[in-house]
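Below is one structure; the comments refer to it alone.
FYI, it's all coordinate maths here, none of it is from the lab. Bear in mind the structure is a predicted one, so any value in this text is a computation, not a measurement. Here the Cβ positions follow ideal geometry from the backbone for every residue, glycine too, while neighbour counts run over all protein chains shown.
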Amino acid sequence: MSEEKEGVTIESLAGACARFQEKLENCEDDLAFTDIWTESLNELSEIEKAFETEKLDGKTILDIGTYGVKPLYIALKYEPYKIIGIDEELSSCAKSIEMNYKLFVKTEIKFYPCNVFNDEKLNEILDKENQHKSDFVLLSKTLHHLRTGECIARKRDPEHTCQEDESTCIYKFDEQEIFNCLLGLGKRLIVYEWYDPGKSDNDKVRGRGGYFTPMEWERILRHLSEKYRTVLIQPSKFSINEEGIEKVIEKLRQIETICFYVEKVE
Ligand SMILES: C[S@@+](CC[C@H](N)C(=O)[O-])C[C@H]1O[C@@H](n2cnc3c(N)ncnc32)[C@H](O)[C@@H]1O
Ligand SMILES: [Zn+2]
């Protein structure tokens, strides 16, 4: 039987499918791009409570894992002195905001492609911007990417075997090391996370990603409350001390977002 019917060949169908798939992927990117503006607005309505102020005159912010949108909104509302956003993969959105923000915003906004673990590059940026210790460090939906330990994926899936490319691995989160390092970058660390261990984390790179489980949250918050001043903002506002941990964990069973801040006790 002929593969050609009225000028249609298997090759031309395959070509059309590939073009449709590309169009679909572009549409998905566009949708994600529009969602980010409304999502950021929703999320900032929680995050902003962690500033505990009406204005941020003269203050500096370091946004780790920036998409660019939150710094713009923060600049518009709070007018801090400067916001530096870093991301290991800087979005096109951040690049266009950087080009045009000066039309609307007094705050200086700078974005850099940089992995927070790349000490040399990060120090170069902070030297250049003369911002070694920011007033606020923001980690919005980025903390769960800062996993650096051994693979713990087998705890979640007994069938897990580490592949050579580690694409299915999940590294352990080392709260002691990470928070110590982050608190070197700023006075108040604001963390916002959406989490659902049952859902896959789309922008996970090797074992660096995967939402925190309730047990991980318990371990992280216990460590923070013992060592630092830790104030929960969302689901409800209170200072977490050791007695408060159970109350927080109980709350975390009911909702999927958490926002808190951490400071060194002077
Ligand atoms: C879920 S997105 C969050 C984007 C943005 N903060 C927001 O709230 O919409 C996490 C971002 O963290 C970035 N990221 C992950 N690990 C990183 C690292 N080690 N250093 C810098 N950026 C990182 C990713 O590239 C990604 O853009
Ligand atoms: Zn593994």
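The Cα atoms of the range 13-117 give a gyration tensor whose axes a ≥ b ≥ c have a/c of 1.5 or more with a/b greater than b/c, which makes the shape prolate.
Checking the Cα-Cα distances for K82/K199; K49/K199; K106/K141 against a 32 Å cut-off, the pairs over it are K82/K199.
Helix-derived [θ] at 222 nm for the chain: sum -39500 (n - 2.57) over DSSP H runs of at least 4, divide by residue count, nearest 500?
Calculated at 222 nm, the ellipticity per residue is -12000 deg cm²/dmol.
The 3J(HN,Hα) values that the Karplus relation (6.51, -1.76, 1.60; θ = phi - 60°) gives for the range 38-45 are, in residue order, 6, 4, 4, 5, 4, 5, 5, 5 Hz. Gly and Pro appear as x.
Rounded to the nearest 0.05, the FRET efficiency derived from the C-beta distance between N180 and Q21 at R0 = 35 Å is 0.15. If the segment from K247 to E88 were pulled out straight at 0.36 nm per residue, it would be longer than the present Cα-Cα gap by 53.7 nm.
A Förster radius of 41 Å, combined with the Cβ-Cβ distance separating S45 from K172, puts the computed FRET efficiency at roughly 0.80. Cα convex hull, the range 56-263: 126 Å³ per residue, rounded to a whole number. Straight-distance candidates among the aspartates and glutamates for linking to K102, with alpha-carbon spacing under 14 Å and chain neighbours fewer than 8 residues away dropped: E79. Applying 1/(1 + (r/R0)^6) with R0 = 25 Å to the Cβ-Cβ distance of N130 and L103 gives a FRET efficiency near 0.50.
Can you divide the C-alpha Rg of the range 113-205 by 2.2 N^0.38 Å and report the result to two decimal places? Could the numbers behind the result be given before it?
Working: Rg = 15.4 Å, N = 93, 2.2 N^0.38 = 12.3 Å.
It is 1.25.
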